[in-house]
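Please treat every number below as a calculation from the coordinates, not as lab data. A quick note: this is a predicted structure, and the numbers were derived from the prediction, not measured. Every residue, glycine among them, receives a Cβ derived from its backbone with ideal geometry; neighbour counts consider all protein chains shown.
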Amino acid sequence: MKWTSKDTKIATVMSIGAILLWNTFFQIRSGQRGIVFTFGKITSVANEGLRVKLPFIQTIEKISVRTQKREADAEAVSKNLQPVKTTITINYFLSPTDLKTLYETTGFDVDNKIIHGRIQESVKAICARYTAEELVIRRAEVKDEIAHSITSQLGEYYIVVPSGGIQVTNFNFSPAFNKAIEDKQIAEQQALKAANDLQRIKVEAEQKVAEAKGSAEAIRIQAEAIQRQGGKDYVQLKAVEKWNGELPHYFGSSGPMPFLDIKR
């Protein structure tokens, strides 16, 4: 088959048409937005779906608006000048309705341009309000303050942090300070044990004194009873307490039957 000039023209038109179609339609997937640039200037933001643009005039940059994760180490100094280290983990996403403003102000490299700096600033500012001991004791409160500070600052740049999206690991100090904290906790535990032991000994002593007073009072009462009765009734009472209930087989001619006061 001979290729004519007409065929060449048709093929050329079809190729141009295909190129135009290829550069006219574009697709934005779920979890994305399309930043539309016209002659290099951002003019609109395209939502999900099949979209149309001006070929060769407009270009598209696809941006994720899904939740992303960022982890960063942070260092600070406490109120009493102890070095502090921690790790911050942030879950965030770019506000889909503010992408145009975000691009015009800072661009989309938010990890390096915005998030990292806000983490460092928040940790430094808040840790400086507390001593190292307070950072340990009031750990939950300090973590909440750091999370609130970071969330507020990122919100100014249209970076959204969902509830619970910031995690702060435990604060780490120098080995010398960690040893001092450990020694202090051990000393406090030993002091508490000693106080508890002292209280226990005091209570036991008081119980013994009470028992001794009770015994002394009982002896005093018994002695007074014996004196009032001339001793006779008390001796007979003790004999009754020891009697096994059996009568003797014989009795002396001169003495009365036990427990019986025989008057003549």
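Yes or no: segment 99-121 includes at least one residue that is exposed (fewer than 14 other Cβ atoms within 10 Å of the Cβ), small (Gly, Ala, Ser) and over 18 Å from SER78 (Cα atoms). Yes.
Scanning for something in contact with a Lys or Arg (Cβ under 7 Å, 6 or more places away or on another chain) and closer than 16 Å to ALA74 by Cβ, does segment 143-153 turn up at least one residue? So far as segment 143-153 goes, yes, one or more of its residues are in contact with a Lys or Arg (Cβ under 7 Å, 6 or more places away or on another chain) and closer than 16 Å to ALA74 by Cβ. When the residues of segment 54-77 are filtered to those that are hydroxyl-bearing (Ser, Thr, Tyr) and under 30 Å from PHE39 (Cβ atoms), the one that is surrounded by the most Cβ atoms within 10 Å (Cβ to Cβ) is THR59.
The residue pairs whose first member lies in segment 118-140 and is charged (D, E, K, R), whose second member is surrounded by fewer than 15 Cβ atoms within 10 Å (Cβ to Cβ) and assigned to a helix (DSSP H, G or I), and whose beta carbons are closer than 8 Å, counting only pairs six or more residues apart or on different chains, are GLU133/ILE181. Answer with yes or no whether TYR103 is among the hydroxyl-bearing types (Ser, Thr, Tyr), in contact with a helix residue (DSSP H, G or I) (Cβ under 8 Å, 6 or more places away or on another chain) and either part of a loop (DSSP other than H, G, I, E, B) or under 17 Å from VAL160 (Cα atoms) (or both). Judged against the criteria, TYR103 is not a match.
For the residues LEU81, LEU99, the requirement of being at positive phi and among the aliphatic types (A, V, I, L, M) singles out LEU81. Scanning segment 151-210 for residues that are assigned to a helix (DSSP H, G or I), closer than 30 Å to GLY107 by Cβ and of a type in the set (S, T, N, Q) turns up THR151, SER152, GLN153.
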